[in-house]
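Engineer: Can you keep this structure in mind? I'll have questions shortly.
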Amino acid sequence: MIFEMSALSCAFPGCRWSVLLLVLVLLVCSALPIDASASVYPLRGTEGSNLTNVTTKKAFPVIGVNYDHVRKPFEIALWILLALLMKLGFHIIPRVSSVVPESCLLIVVGLLVGGFIKVIGEKPPVLDSQLFFLCLLPPIILDAGYFLPIRPFTDNVGTILVFAVIGTLWNAFFVGGSLYALCQIESVDLAGIGLLSCLLFGSIVSAVDPVAVLAVFEEIHINELLHILVFGESLLNDAVTVVLYNLFEEFYKVGTVTVLDVFLGVVCFFVVSLGGVLVGVIYGFLAAFTSRFTSHTRVIEPLFVFLYSYMAYLSSELFHLSGIMALIACGVVMRPYVEANISHKSYTTIKYFLKMWSSVSETLIFIFLGVSTVAGPHAWNWAFVVGTVVLCLVSRVLGVIGLTFIINKFRIVKLTKKDQFIVAYGGLRGAIAFSLGYLLSDSHPTRHLFLTAIITVIFFTVFVQGMTIRPLVELLAVKRKKESKRSINEEIHTEFLDHLLRGVEDVCGHYGHYHWKDKLSRFNKTYVKRWLIAGENFREPELIAFYRKMELKQAIMMVESGQLSSSLPSTVSMQNIEPKPIPRVSKKQEEEIRRILRSNLQNNKVSVMEGRVSHYLTVPANRESPRIGVRRVRFESGHTRSQMPSYPSTPDAVSLEAEFPKRVNQKTDIGPKVYASDNHQRELDYQSLARCLSDPGPHKEEEEDDDDDEIFMS
Amino acid sequence: MGSRASTLLREEEIEEIKKETGFSHSQITRLYSRFTSLDKGENGTLSREDFQRIPELAINPLGDRIINAFFPEGLDREDQVNFRGFMRTLAHFRPIEDNEKNKDPTASEPLNSRTNKLLFAFRLYDLDRDDKISRDELLQVLRMMVGVNISDEQLGSIADRTIQEADQNGDNSISFNEFIKVLEKVDVEQKMSIRFLH
């Protein structure tokens, strides 16, 4: 979710340094307003008194300073601006960003800013837990949940759950227990820390953090399986963390633990996780149902998605349930229905807003981590801190190896040693651990020590592990993600294989994976979809929906890149041309189509576009006439010309081919032949086309560059 | 098996099947009990009707083709498949094990190798066995999967697009090699494997 901005190519070399200078100046300025507030007060006070006391003529104050009025929003805006400029700055310096992950750089910036503020004499702001949990974390999680790749997730859900639940439990108890043992050693001078304290600390520091994992893994483009394993684990272990944290906090206050308490703890775990998921699912269905009726108010569609998800998060936090799981469940549940209902533009808006907010949040989190490090009161104890770091590493490695040994007995595709290494190495800790530590009440005498240790672990994992994971991945030749869009072939063959596997499972009498998936999908189709999807679209098979979206995307891309002018053509219309004369659609209808397309696509190559888009508007008049084996031109640059001359397989087609050179130059008369035979089908298609493209919006719509979409492809 | 009682499965048979397909002893016995439960005629072989009696297969769009895949060559209605043949077909869906990857390269490829799995799937598309998936064959499969609500033209354009994407030698159909290439990103080893519990 880190924007991959292309490097600014400056016209002259000095330009880079001037931007950097600007960034540094702003950095300095950002620290000042916090200071300025102190100095402005007296000024304002006297001015005010001047105005009220002096009755003699005083000139009307043309300009005045009232910082207090705008203080809070001003500072917030300035911090965010600083964060974004930093991000911008990193990508100007080319070498650095390829070696050091962005998260490290941001923490360093935070350290610098924090140090600067301290030097001035002000108190640097600390990452407030409330701010973190209520404002900064939800966008990142929603972005992750909404775009969660469902197929790899459900294929590996067993493995992910084992790592998340059992792995985190193991980590918490191992680290807590070992630290307690460490504290018992006389020379260390930490005898004051009880077992419960240590276990509490263990539970805080043991959870893998989704923000850190995302930040690092996003840049190394590792293969899908490993990505979903580590990432899924980081998301699902929230329930465990919440339960353990609350549990140990309660036990600490009470002081004693009974068996009943432990039993209740286990029950609590199930309540927290399943309850969170339930809350998310309810809100997800609500959002899907609402989106069914938004066809007349398209502008506010994205807001429903955001607000329902945020409400799901807040509602579950209200009941001490797992907010992260609620958010993920909400995003996953609502996505298929919402996407079937909303317009294309709303979909793009949602995608971009989510990416934008999560990016800003992430940046702010890391900068604040740096600042908080400088700010927070620290208590350093070599043994404890170093012990924590070492124990975290050791427990993670042992946990992964042990669990993989058990898991591999049940997996079809086993996890290799390389996979295990990456999973273990990718267990990064981050801001959630810090915030939980910060939330500890002051009744803990060792609170500062804990915070210091947590920060050290975070720094270690983010800096050391984050920086070295990329060269290690290359060294070990771990499989990388294959960067390409899902093709129609894959979609068809995957569905084909689903049916095949289900059939074979039935022959074997085996109620396996595919059986249940099919049952769920059938239930979804018969009962759920008709309530949640607007209009007639709920009958549309997924394959068709996929194909339609793909065609639309490609059409837009083609128009933008301007490739349509020369090629395209008429091969599309050629497909509709039959040897016999065909009834044409009336001029009026053709004009209407042209008008719709023109107004929506705002492109003077629309005539060509029509030819392309009309492809799925087309319903030829006579279906039983033999189709010419016409081959459509490949829509990739460079291929178009070469593909044209081949393929026609009937003599009729050959004669039509001779028409090509003539048609190529006629932009105006493309003649998309829309046949009016099947009105119902046309209506449906009109509806779908209109739905995709229509939106009240600014007149000069900039069609988003579809290349950016590539990055956001889930 | 002839007239032998169908409930007996001799040890030598089990060994032979094990060698040929790679299933374990317990898996073979379990599948044998399934085989006999399907075999209503109790003659040690399965006919097409026996398969068609399985309720879920009837609603599976590919049901007929899957049944045909069990019967080796020829669409003779009298065809019967014995346990050996049954296992041979099912062997394609056995998960690939790590130690098999290091096997002797001169030995013939095991039935559940990636290529053989893909070949099995390919044969389900390619009914006329000409080693190519033609546009019509593709259309038939699409029609079965998508149902009756979609017009022929839409399906036709999808089929055209599919062939266009996959076809590299320009013969307007998908050959086996092109099929393999298109599916190279799909994790076939996982997708085409059934967990036969030990």
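The values are calculated or read from the model by the stated rules, or taken from the named source; none is laboratory data. Keep in mind that what you see is a predicted model, and the values were worked out from it rather than measured. Please note: Cβ atoms are built from the backbone with ideal geometry, for glycine as well, and neighbour counts cover all protein chains shown. The area values use the complete protein model at the heavy-atom level, side chains included, leaving out ligands, DNA and RNA. Shrake-Rupley method; radii C 1.70, N 1.55, O 1.52, S 1.80 Å.
Engineer: Taking amide hydrogens as modeled 1.01 Å from N in the peptide plane, which residues meet the under 5 Å criterion relative to A:Ile222, leaving out close sequence neighbours?
Structural biologist: Residues meeting the amide H criterion: A:Lys481.
Engineer: How large is ³J(HN,Hα), in whole Hz, for each residue of segment A:279-285 in order, when computed from phi with the Karplus curve 6.51 cos²θ - 1.76 cosθ + 1.60 and θ = phi - 60°, using x for Gly and Pro?
Structural biologist: 4, x, 5, 4, 5, x, 5
Engineer: Ok, one more. Give me Rg over Rh for segment A:54-171, both radii from the alpha carbons and Rh done the Kirkwood way, two decimal places.
Structural biologist: For segment A:54-171, the value is 1.18.
Engineer: Now for a different question. Based on the alpha carbon coordinates of segment A:94-153, what radius of gyration and maximum Cα-Cα distance (Dmax) apply, in Å?
Structural biologist: Answer for segment A:94-153, Rg first and Dmax second: 16.7, 53 Å.
Engineer: Output the DSSP H helices from chain B with an along-axis C-alpha extent of no less than 30 Å and a mean Kyte-Doolittle hydropathy no less than 0.5.
Structural biologist: Values: long enough: none.
Span-like helices in chain B: none at all.
Engineer: I would also like to ask the following. Can you give the average number of partner chain beta-carbon atoms within 10 Å of each beta-carbon in peptide A:348-357, as a whole number?
Structural biologist: Going residue by residue through A:348-357 and averaging, the value is 0.
Engineer: Which longest uninterrupted range of chain B lacks any GluC sites (Glu not before Pro) assigned by DSSP to a loop state (not H, G, I, E or B) and surrounded by at most 14 other Cβ atoms within 10 Å?
Structural biologist: Here the longest segment lacking exposed loop sites spans B:98-198.
Engineer: Give me the summed buried accessible area for the B-A pair, 1.4 Å probe, to the nearest 100 Å².
Structural biologist: Its buried surface, counting both partners, is about 5600 Å².
Engineer: If you don't mind, another one. Please compute, over every Cα-Cα pair in segment A:123-255, the percentage with a separation greater than 17 angstrom.
Structural biologist: Everything past 17 Å amounts to 66 percent.
Engineer: Let me ask another. Kindly report, to the nearest 10 Å², the accessible surface of A:Tyr511 as traced by a 1.4 Å probe over protein heavy atoms only.
Structural biologist: 140 Å²
Engineer: Could you tell me which of the pairs A:Lys351/A:Lys553; A:Lys72/A:Lys351; A:Lys414/A:Lys479 are separated by over 20 angstrom between their Cα atoms in the structure shown?
Structural biologist: A:Lys72/A:Lys351
Engineer: In addition: To the nearest 10 Å², what's A:Ile406's accessible area with a 1.4 Å probe?
Structural biologist: Ignoring ligands and nucleic acids, A:Ile406 comes out at about 90 Å².
Engineer: Something else about it: I need the phi-derived Karplus couplings for segment B:179-194: 6.51 cos²θ - 1.76 cosθ + 1.60, θ = phi - 60°, integer Hz, Gly and Pro marked x.
Structural biologist: 4, 4, 5, 5, 8, 5, 8, 7, 7, 5, 4, 7, 5, 9, 10, 10
Engineer: Per the Debye formula with a single identical scatterer at each Cα and no solvent contribution, what log10 I(q)/I(0) holds for segment A:322-368 at q = 0.21 Å⁻¹?
Structural biologist: -0.86
Engineer: Can you compute the equivalent ellipsoid semi-axes for segment A:363-433, i.e. the square root of 5 times each eigenvalue of the Cα gyration tensor, sorted largest first and rounded to whole Å?
Structural biologist: Taking √(5λ) for each eigenvalue gives 33, 16, 8 Å, largest first.
Engineer: With a Förster radius of 30 Å, plug the Cβ-Cβ distance of A:Thr416 and A:Leu520 into 1/(1 + (r/R0)^6) and report the FRET value to the nearest 0.05. Walk me through the numbers on the way to the answer.
Structural biologist: Numbers: r = 31 Å, r/R0 = 1.03.
Once the sixth-power term is evaluated, E becomes 0.45.
Engineer: What are the extents of the Cα atoms of segment A:310-410 along their three principal axes, in Å, largest first?
Structural biologist: 58, 48, 28
Engineer: Follow-up. To two decimal places, what compactness ratio does chain B give when its Cα radius of gyration is scaled by 2.2 N^0.38 Å?
Structural biologist: Details: Rg = 18.8 Å, N = 198, 2.2 N^0.38 = 16.4 Å.
Working it through for chain B, the quotient is 1.15.
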